[in-house]
Amino acid sequence: MATITAKTIRETTNKALGISPEDAKISKTYLTVAFSALLLGGFLGLLQGLNRAGLLEMPSWLNYYQVLTAHGVLLILVLTAFFIIGYFYAGMSHTLGGLLPKVRKIVWTGFASKMIGIVLVVIPILMNEASVMYTFYPPMAAHPMFYFGLVFVALGIWLACVGCFINVANWRKNHKGQHVPIFAYFATGVFVLLFFALIPVAIEVFMIIPWVLGWVDGINVMVSRTLFWAFGHTLVNIWYLSATSAWYVVVPKIIGGRRWSDTLTRVVIIALVVMNITGGFHHQIIDPGIDEGIKYMHVFMSLVIGFPSLMTAYAMFAVFERTARMKGGKGLLGWYKKLPWGDVRFLAPFIAMVAFIPAGAGGIVQSTNQLDQVVHNTMWIVGHFHLTLGMSVVMTFFGITYWLVPFISGRVLTPQMNKLGIIQTIIWTIGMTLMAGAMHWVGLLGSPRRTSYSTYFDNATALSWDPYLFFLAIGGTLLIIGVILQVYAVFNMMFFAPKGETEFPLAEEEEGAAKTPYWTERWGLWIVVMLIVVSMAYVIPLTEFIVNAPPGSPPLKTW
């Protein structure tokens, strides 16, 4: 009886909490920017795909590498960062009793900083003065304005991290001895990773700025690449951890079940935070100048991330089976029929989870030296990236919008919009499967990445790629239809759907669950462990790169 009463009180409190108009405005604004970036970035992606398939010739005033750079910046930096902040701040407001007034000011200041940064980044791209792609590798050099913009973007994201830390610390101060609500715990893990991942790339940008301004003659290319991937590798797993938060906490509630072990969930978060930043060198596995032992350590750390992923897979499918059987599901596989396949809030993240199986397997391929030698500079890598981000992460984000946007807007998800979401999910799944599959296959045949279409003087090998590139173009065309439907759904639910109450779906723990140990709350300890692991992985190679540095390269413009 006591358990039922406690649960009833908790549910009543959560419903009453909802989200304040001031906090909802923050999330709505961030999500508006995120999906505006998706729309623009999606059209640029279509141009890329059609050009790469040899079906579209770029006009004289727009080149492939401009489009490639803008597509990457809009979808990899803008869409993901703005969505993650809007999503987690809505959840923190709901589970922590609202955002503090000073936190609202901090996150709005961060928003302004990011918007200024985006403008400064986009202007030189439009001027064809920054066609350096998302990775902006030296010795290719963009206009200085591009790098100043990146500084403002990083500063804005840092402010969002600080706002999270302040709000969580305030909650803990007022609830001594209690566990931080699981959703806010996920937010803490994500923002800890974001905060520390931005440090190396910020150092890189501050190395580049004097170089592009002509104040120094050369730049250490190995140091700059290493600093970038210390950030880039972690960013991928920040997206994954954000998607995982919905898998663990939201999806069980949507299917009418309870979430798996609270202790396991928090251990997965801690493991991903501690092991994530180390692993960047597996993106540089064929780079010269890096000791094999160091590369091996990074590959090992990259593969170790597979263990919390396997724990997640076990936990999620155990929840699915247990919930379905509770609803009358029978047989070895027949219980699947009891899952709510007609609910887009479940279907989209479920497909995203399934897609992570081949996406993760592809990551293992790229972490293996001999196999990576075959695929590293081919379209395989682009296919892997789209399978990971475009399916596992972005489809989870899409599924989240169908309850998050009505929640922050005081509206409801209608059956018609749910049906549209199902159609969008199917179109997106087919489109991404075709495109990513074609990219993987044509990569195995040797088609290079980061290049516009070429037959290489009608070389027979290059001509053999064309049928696969045609499937890439078909997939890209389906994806832009999916983008348009998704953006329409988001803005319809934000401004035009019927008014009403929508729940922020947070699953309860299982009945009689074991008590979560309090050491999971020792974030100071886990951050120290993370920094020790990072030091083991980076101090020696970076010292070698600096002490034995070559003369350095002047800025180059290759486009």
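Hey, with R₀ at 51 Å, roughly what FRET efficiency would Lys102 and Asp458 work out to, going by the Cβ-Cβ distance, to 0.05? Can you show the working numbers first?
Values: r = 64 Å, r/R0 = 1.26.
With a Förster radius of 51 Å, E is 0.20.
How large, in percent, is the carbon and sulfur part of the accessible surface of segment 436-481 at a probe radius of 1.4 Å?
The value for segment 436-481 is 71 percent carbon and sulfur by accessible area.
By how many nm would the segment from Leu333 to Ile527 grow when fully extended, if each residue of separation counts as 0.36 nm and the alpha-carbon distance is taken off? Please report the intermediate quantities before stating the final value.
Values: separation 194, 0.36 × 194 = 69.84 nm, distance 4.20 nm.
The Leu333-Ile527 span can extend by a further 65.6 nm.
Which value in Å does the Kirkwood hydrodynamic radius of segment 89-146 take, with 1/r averaged over all unlike C-alpha pairs and then inverted?
Numbers: mean 1/r = 0.0726 Å⁻¹.
Evaluated over segment 89-146, this radius sits at 13.8 Å.
Give the relative contact order (percent, whole number) for segment 387-490; include only Cα pairs under 8 Å separated by 6+ residues. Intermediate results must be reported in sequence, preceding the final value.
On the way: 75 pairs, mean separation 41.2, N = 104.
This gives 40 percent for segment 387-490.
What length, rounded to one decimal in nm, is gained on full extension from Ile199 through to Glu292, with 0.36 nm per residue of separation minus their alpha-carbon distance? If you can, show how the numbers build up before the last one.
Values: separation 93, 0.36 × 93 = 33.48 nm, distance 2.53 nm.
In short, 31.0 nm is gained.
With each pseudo-label sitting 7 Å past Cα toward Cβ, what's the Trp215-Phe495 distance in nm, one decimal?
If labels sit at Trp215 and Phe495, their model points lie 4.4 nm apart.
Could you calculate the FRET efficiency of Thr263 with Asn174 from 1/(1 + (r/R0)^6), where r is the beta carbon distance between them and R0 is 25 Å, rounded to 0.05?
Values: r = 24 Å, r/R0 = 0.95.
Working from the Cβ atoms, E equals 0.60.
Whole angstrom only: what separates the Cα centroid of segment 285-362 from the Cα centroid of segment 215-270?
What the calculation gives is 14 Å, centre to centre.
For the residue pair Ala318 and Asn128, what label-to-label distance in nm results when each label sits 7 Å from Cα along the Cα-to-beta-carbon direction?
It is 5.8 nm.
For an R0 of 35 angstrom, estimate the FRET efficiency from the Cβ-Cβ distance between Thr32 and Leu303 and round to the nearest 0.05. Intermediate values should be presented prior to the final figure.
Numbers: r = 39 Å, r/R0 = 1.10.
The formula returns an efficiency of 0.35 here.
Using only the Cα atoms of the chain, each taken as one equal point scatterer with no solvent, compute I(q) by the Debye sum, divide by I(0), and report log10 of the ratio at q = 0.08, 0.09 Å⁻¹.
Evaluating at q = 0.08, 0.09 Å⁻¹ gives log10 I(q)/I(0) of -0.52, -0.67.
Tell me the per residue accessible area of the chain using a 1.4 Å probe; a whole number in Å² is fine. Don't skip to the end; give the middle numbers.
Working: 22830 Å² over 559 residues.
Result: 41 Å² of accessible area for each residue.
Mind checking which of Tyr65, Tyr314, Leu445 is farthest towards the positive end of the chain's charge dipole, using Cβ charges of +1 (Lys, Arg) and -1 (Asp, Glu) about the Cα centre?
Checked the options; the winner is Tyr314.
Anything over 19 Å Cα to Cα? Flag those among Lys25/Lys253; Lys338/Lys499; Lys176/Lys515, in the order listed.
Details: Lys25/Lys253 25 Å; Lys338/Lys499 30 Å; Lys176/Lys515 16 Å.
Where the Cα-Cα span goes over 19 Å, the pairs concerned are Lys25/Lys253; Lys338/Lys499.
Would you work out the relative contact order for segment 431-559, in percent, from Cα pairs under 8 angstrom that are 6 or more residues apart?
Details: 39 pairs, mean separation 32.7, N = 129.
Rounded, it is 25 percent for segment 431-559.
Which residue, Ile290, Leu333, Gly399, has the largest displacement toward the positive end of the dipole of segment 273-415 when charges sit on each Cβ (Lys, Arg +1; Asp, Glu -1)?
It is Leu333.
Ignoring ligands, DNA and RNA, please state the percent of accessible area on segment 299-433 from carbon and sulfur, probe 1.4 Å.
Details: 3960 of 5460 Å².
Accessible surface attributable to carbon and sulfur in segment 299-433 totals 73 percent.
Between Thr368 and Val547, 0.36 nm times their residue separation minus their Cα-Cα distance comes to what?
Values: separation 179, 0.36 × 179 = 64.44 nm, distance 2.87 nm.
Gain on extension, Thr368 to Val547, equals 61.6 nm.
Placing unit charges on C-beta atoms (Lys and Arg positive, Asp and Glu negative, everything else neutral), compute the dipole magnitude of the chain about its Cα centre in debye, rounded to 20. Spell out each step's value before the answer.
Working: 34 positive and 24 negative charges, 377 e Å.
With Lys and Arg at +1 and Asp and Glu at -1, about 1820 debye.
Report relative contact order for the chain in percent, whole number only (criteria: Cα-Cα under 8 Å, sequence separation at least 6). Walk me through the numbers before you get to the answer.
Details: 834 pairs, mean separation 107.5, N = 559.
For the chain, the relative contact order is 19 percent.
The values are calculated or read from the model by the stated rules, or taken from the named source; none is laboratory data. Just so we're clear, the structure is a prediction, and the values are computed from it rather than from any experiment. Note that each Cβ is placed from the backbone with ideal geometry, even for glycine, and that neighbours are counted across all protein chains shown. Side chains included, ligands, DNA and RNA excluded: accessible areas come from the protein's heavy atoms. Shrake-Rupley method; radii C 1.70, N 1.55, O 1.52, S 1.80 Å.
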